[in-house]
Every structure is written in structure tokens, then in C-alpha cells.
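Participant: Take a look at this one; I'll ask things after.
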Amino acid sequence: MKIPSHPHPSPRIFSCVNVHAIRKKRIFAEENQLREKMEKKVSIKEIAERAGVSIGTVDRVIHNRGRVSEKTKEKVLKICRELNYEPNLLAQRLASDKTFILATFIPRPRRDNAYWSLPLEGIRKAAEELAGYRITVKEHFFDIFDEESFRQNSLNMLVEQPDGVVLAPVFHREAEDLVRKLDMKGIPYVFIDSILEGTNYLSFFAQDPFRSGYLAGRLIWFHLKKHSEVLIVNFTSDLENHLHLKKREEGLRAFLNDHHFKGKVESLHIAPREELLLSHTLYEHLHHKTRGLFVTSSAHKVARSIRKIRREKLMFVGYDLTPDNVQYLNQGVIDVLLCQKPVAQGYGAMRTLFDHLVRKKEVKREHPMPIEIVVKENYTDYSDL
């Protein structure tokens, strides 16, 4: 904000007068901005009239203070629910000195893996909406191919003492260690993209990887013959530490087993350092009997390598509607992308932390994301948020 000029500015006058004026203007601007976004509020007076009680009684019920009979309390709360009443959260936050720090810890978006720019988009959209409530969002990233990067940057995040964390538990072992630390500090966390079973997460926004793999098996099944072969590609050398990829593979294998598939199912595990040899590796494993290709992440990397040897009878299923994947979907190299609303995941996780920490609301623990089948003919209709 531009500070008015003064012919002979005095530091004391500036600190005692102008700073307070600037602060008042800023708070006033925040208040106006948020008021425009907030829905019309029901007054306590209206609730009191409907319940046949005093305004003071309603105030005691809403703020859970003082003695009120259970019958009266339930009556007031019932009317609050019917009218969708919320306390004036804006006034509460502007009057409070506390600023909530919400941290995000996800893989850094890369040129060769644009997926993580999508949940980040949702996170930033939510952060923008919540800015006036004295919410500070601290973005922390790690290298999706480097477990040590996860460990080191998680420590950097904890140093900032966040009030809540949005977390992508990509590396199973390292993420378990992190959530133990969060539990010890009493910091709530919300998972996106995948979850760690048996942990004390506040909520999660993620697709069921096993069910999505099972669906991929069904899609590929239609193209198989008795002695066909299916190739699975995982971009990791340590599948046990990437449980969501492992469960996707397990889901596909389970479908084929359930339907008594007698052909061969082969898995390739491609480490980052081996990607330069990807084309050569795929040429060795793709042949005339291969009728199904399932890539559990970064489908465009495989598509780029096989586009010159694409066979009409090969069914290629991958994940996520990233720009690179769309390119090969349009070219007919990739047949199906299974999508999971990553923007909505990031947005929903941030709003959930806000509801829990600021609004003191009870939040829903499970938010399973849909398994959406996207093909060349309908990808333009796909809606994330």
C-alpha cells in the first residue's frame, strides 16, 4: 500500500500514526472483501425468536458456555442446523491475534511429471479464498524420485511449527516416520493422492488404488485372447515403498486372476536412472502377443517411447489428465486415462484443515475420489473441481 507523502516525515509520527492508519485500512479492506464472499448470515435474534428463548440463551448454546438444559440446547441447535447458521467467523478471526500456519508437503511439479501442479492449483485456490482469515500457507516440496529429499524437507517443514499439514505420503516408510512426528506434536494432517492405513490422519482425499487397478484390468480384459500377454510398467525400483503404485498393480492382477486369465502378466520396474534406456527396454518386452499395457504413473513417458511401434490391438491404460498424457491420448497412443480429480483433492484438503482448526467443525474423515474413465472422445468434458 502506498504511504501518503509528508513534507517533513518524522519516524515517530510515521510509527505512531501512519502505521496504525495503514493497519486499520488493511483490516477494513479484508473485512469488506470477506463479507462479500460470505453468505447472508442468520442473526442470533432470529434463532432466539424461533426457539422462544432469550438471545443470551442462544449465545450460551452457540459458544458452549453457561448452563442450559439439554432440551433447550437441542432445540436451539436444531434451529441453527435448519437455518444453516454459523457464528460470525470473520469477526472472530479479525479479533484474534493468532495466525494459523497451514503447511503443504507434496512432490515438486516437474516438466516430466506435471501431475503435481494440479493438486497445487487446488491448494492455492483454497489459500486465496482463506487469505483474509489470517491463514498463512507455507508450501514445502520434495523430489518425487528422492527419499532423502522427503526426509530432509519434512524436517524443514516441522521447524516452522505448522498448525496443520496437507501431505502426499508418496514414500511409505519416510511418510510413516513423518506422521509419527506429527502425532507426537499434536499436528493434524490430511492425506492427498494416497493414504497410510492405520495412521491418525484427520481426513484423506484419495482414490482407491486397488479398485482403480481392478478397473484397469476390466478395460484391458476386453482386448485379451487366451494366450495374450499384459505388461505393467512402474516408474520405481522400490515398489514396496510406493504402496499406491503397488496396489494399482495388485488390483489389475486380481481382476485377471478372478477371471481366470491364463496368459502372461509381466512387470517392469523403471528406476529414474534407467529412463534413458526406456525405449530399448520396452522394445524388448513388447511383442505381437502383448495386448494389454498398464502404466501406473507417468504414462506419457511410455507413450513417447512406443508411439512408433503402436499396435492396433494393444490396449494402453494410464493415469491422469496431464497435458503430456492428453497429447498421446489425442494421437491414439494412450487409449484410457483413469482420473481422480487432483485439483479437488488439494482444494478439499485445505478447506478441511480450515474447518477443523478455525471453524472448530467436525470434518468428514474419508473422501474417496471417483475413478473416472477418460478417453479421446470425452476428455474435454472432464471437470475437476
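Participant: Scan VAL363, VAL336, VAL358 and give me the residue that is of a type in the set (Val, Ile, Thr), out of contact with any Pro (no Cβ under 7 Å at 6 or more places or on another chain) and under 27 Å from HIS300 (Cα atoms).
Facilitator: VAL336
Participant: If you take the residues of segment 40-54 that are surrounded by fewer than 13 Cβ atoms within 10 Å (Cβ to Cβ) and not basic (Lys, Arg), which of them is modelled with the highest pLDDT?
Facilitator: GLY52
Participant: Please count how many residues of segment 115-141 are of a type outside the set (Phe, Trp, Tyr) and assigned to a strand (DSSP E or B).
Facilitator: 6
Participant: Consider ALA206 against the criteria (1) touching a residue at least 12 places away in the same chain (Cβ under 8 Å); (2) within 30 Å of LYS361 (Cβ to Cβ); (3) out of contact with any helix residue (DSSP H, G or I) (no Cβ under 9 Å at 6 or more places or on another chain): it satisfies all of them except one. Which criterion is unmet?
Facilitator: Going through (1) touching a residue at least 12 places away in the same chain (Cβ under 8 Å); (2) within 30 Å of LYS361 (Cβ to Cβ); (3) out of contact with any helix residue (DSSP H, G or I) (no Cβ under 9 Å at 6 or more places or on another chain) one by one, ALA206 breaks only (3).
Participant: What tally of residues in segment 331-385 results from selecting those that are surrounded by fewer than 20 Cβ atoms within 10 Å (Cβ to Cβ), assigned to a helix (DSSP H, G or I) and of a type in the set (A, V, I, L, M, F, W, C)?
Facilitator: Adding up the residues that qualify gives 2.
Participant: Please verify whether segment 322-330 includes one or more residues that are surrounded by fewer than 17 Cβ atoms within 10 Å (Cβ to Cβ), closer than 19 Å to GLY122 by Cα and not assigned by TED's automatic domain parsing to the domain that holds ALA127.
Facilitator: Checked segment 322-330: at least one residue is surrounded by fewer than 17 Cβ atoms within 10 Å (Cβ to Cβ), closer than 19 Å to GLY122 by Cα and not assigned by TED's automatic domain parsing to the domain that holds ALA127.
Participant: Select from segment 349-385 the residues that are among the hydroxyl-bearing types (Ser, Thr, Tyr) and in the same structural domain as GLU139 (by TED's automatic domain parsing) and list them in ascending order.
Facilitator: Of everything in segment 349-385, just one residue is among the hydroxyl-bearing types (Ser, Thr, Tyr) and in the same structural domain as GLU139 (by TED's automatic domain parsing), namely THR352.
Participant: Looking at segment 233-243, can you tell me whether even one residue there is free of Cβ contacts under 8 Å to residues at least 40 places away in the same chain, among the aliphatic types (A, V, I, L, M) and in contact with a helix residue (DSSP H, G or I) (Cβ under 9 Å, 6 or more places away or on another chain)?
Facilitator: yes
Participant: Now for a different question. More than 29 Å from PRO162 (Cβ to Cβ) and modelled with pLDDT of 80 or more - does that describe any residue in segment 125-135?
Facilitator: no
Participant: For segment 154-191, which residues satisfy the criterion of being part of a loop (DSSP other than H, G, I, E, B), over 17 Å from ILE123 (Cα atoms) and either in contact with a helix residue (DSSP H, G or I) (Cβ under 9 Å, 6 or more places away or on another chain) or not small (Gly, Ala, Ser) (or both)?
Facilitator: Selection gives GLU160, GLN161, VAL170, PHE171, ILE187.
Participant: Just the residues that are outside any helix (DSSP H, G or I) and modelled with pLDDT of 85 or more, please, taken from segment 63-79.
Facilitator: VAL68, SER69
The values are calculated or read from the model by the stated rules, or taken from the named source; none is laboratory data. Here the structure is a predicted model, which is why all the values come from computation and not from measurement. Note: ideal-geometry Cβ built from the backbone for every residue, glycine included; neighbour counts use all protein chains shown.
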